[in-house]
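Scroll down for the structure; my scribbles are underneath it.
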Amino acid sequence: YLWASFDFLHEGYDFSGNVNYDNDSGINTYTFIHEFGHILGADDYYDTSGRTEGPLLGMDVMDGMFGDHNAFTKFNYGWITTSRLVVCEGSITLTLDAFAKNGDTIIIANNWDEKLGAYQEYYVIVYYTADGLNAGDDAGYFEREGIVVYHVNASLYSEVYEGETYYDVYNNNTDPSDEYGSVNNLIEFVQSADGTYTYSVGDTMEKTYDDLGNALSYNFVVDSLDGETATITFTKA
């Protein structure tokens with residue numbers, strides 16, 4: 001089951017964050033998509049303490065209640081089963097379909113554990129296009145289409161209760177000064193060098209460190225984007 005206020009039925013949003021509680025354009029489905037996301041296993045990606053804007057800046061259906069589920073959420077749900085892990089000694093060029101088309105993703109990780117799957121620390125790369133569920137009113141979340149990199153730390157912890165061992169994801173996106181917050185974020189954007197959240201042609205991911213302070217094993221440069229397919233060259237750091 002899920003909880004949702006009756007007022008949410010006709011609550012209207014726009015991409016500038018305005019709320020209209022007298023929306024007569026139809027039923028607001030996004031609130032219910034968001035709440036049903038919890039039933040499937042997703043966390044809230046906003047700061048539940050209300051102290052910060054949160055690391056995804058409202059740009060996710062489990063944060064600002066717009067658009068599509070991100071790649072980590074779909075991985076968590078079991079909807080993504082063919083993601084590619086970057087492994088090479090020199091350089092390798094890979095093609096990446098638009099995420100809205102088929103959920104195509106590429107993963108970079110320092111210590112990938114196949115058994116843990118979604119529940120570890122890694123970087124997941126998608127080609128964001130402002131279509132499909134990300135189309136919004138006039139445009140999508142971001143100012144431009146391009147490569148989006150999510151840093152995920154969905155590491156697990158365990159506890160024993162009445163002889164049974166239970167597992168849960170340790171991190172969340174709530175401010176660490178809150179008693180329920182965590183120092184590391186569950187999911188956050190990796191900004192490009194110019195401070196935006198999409199990488200365009202010629203952009204390179206700068207030297208990046210994981211939450212343990214280790215430099216990421218690979219960097220990349222975006223070679224091409226044509227609205228449907230991207231090519232990216234990864235190089236061993």
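The values are calculated or read from the model by the stated rules, or taken from the named source; none is laboratory data. The shown structure was predicted, so the numbers you read here are calculated from the model rather than taken from an experiment. Methodologically, a virtual Cβ is constructed for each residue, glycine included, from the backbone with ideal geometry; neighbour enumeration extends over all protein chains shown. Calculation scope for accessible area: heavy atoms of the full protein, side chains included, ligands and nucleic acids excluded. Shrake-Rupley method; radii C 1.70, N 1.55, O 1.52, S 1.80 Å.
Annotations
- Candidates THR174, THR198, THR208, THR129, filtered to the one that is touching a Phe, Trp or Tyr at 6+ places or on another chain (Cβ under 9 Å), under 20 Å from ASN76 (Cα atoms), among the β-branched types (Val, Ile, Thr) and open to solvent by less than 40 Å² (accessible area, probe 1.4 Å): THR174
- Only one entry of TYR166, TYR157 meets the criterion of being assigned to a strand (DSSP E or B), open to solvent by 40 Å² or more (accessible area, probe 1.4 Å) and touching a Ser or Thr at 6+ places or on another chain (Cβ under 7 Å), and that entry is TYR166.
- Residue among GLU188, GLU206, GLU179 that is under 28 Å from MET62 (Cα atoms), in a strand (DSSP E or B) and either under 18 Å from the mean Cα position of the chain (by Cα) or not aromatic (Phe, Trp, Tyr) (or both): GLU188
- Inclusion of ILE80 among residues that are touching a residue at least 60 places away in the same chain (Cβ under 8 Å), open to solvent by less than 40 Å² (accessible area, probe 1.4 Å), under 28 Å from TYR170 (Cβ atoms) and within 18 Å of the chain's Cα centre (by Cα) is not warranted.
- Among the residues of the stretch 209-225, those identified as among the polar types (S, T, N, Q) and in a loop (DSSP other than H, G, I, E, B) are ASN214, SER217.
- Residue match in the stretch 138-147 (condition: modelled with pLDDT of 95 or more, assigned to a loop (DSSP other than H, G, I, E, B), open to solvent by 30 Å² or more (accessible area, probe 1.4 Å) and of a type in the set (D, E, K, R)): no
- Candidates ALA100, ALA118, ALA42 - the one that is touching a residue at least 24 places away in the same chain (Cβ under 8 Å) and closer than 24 Å to VAL221 by Cα: ALA100
- Per the conditions (1) in contact (Cβ under 8 Å) with a residue 40 or more places away in the chain; (2) out of contact with any His (no Cβ under 8 Å at 6 or more places or on another chain); (3) farther than 26 Å from GLY117 by Cβ; (4) open to solvent by 20 Å² or more (accessible area, probe 1.4 Å), the sole criterion not satisfied by ASP47 is (4).
- Qualifying residue in the stretch 85-100 (condition: surrounded by fewer than 21 Cβ atoms within 10 Å (Cβ to Cβ), under 18 Å from ALA154 (Cα atoms) and either touching an Asp or Glu at 6+ places or on another chain (Cβ under 7 Å) or modelled with pLDDT of 95 or more (or both)): yes
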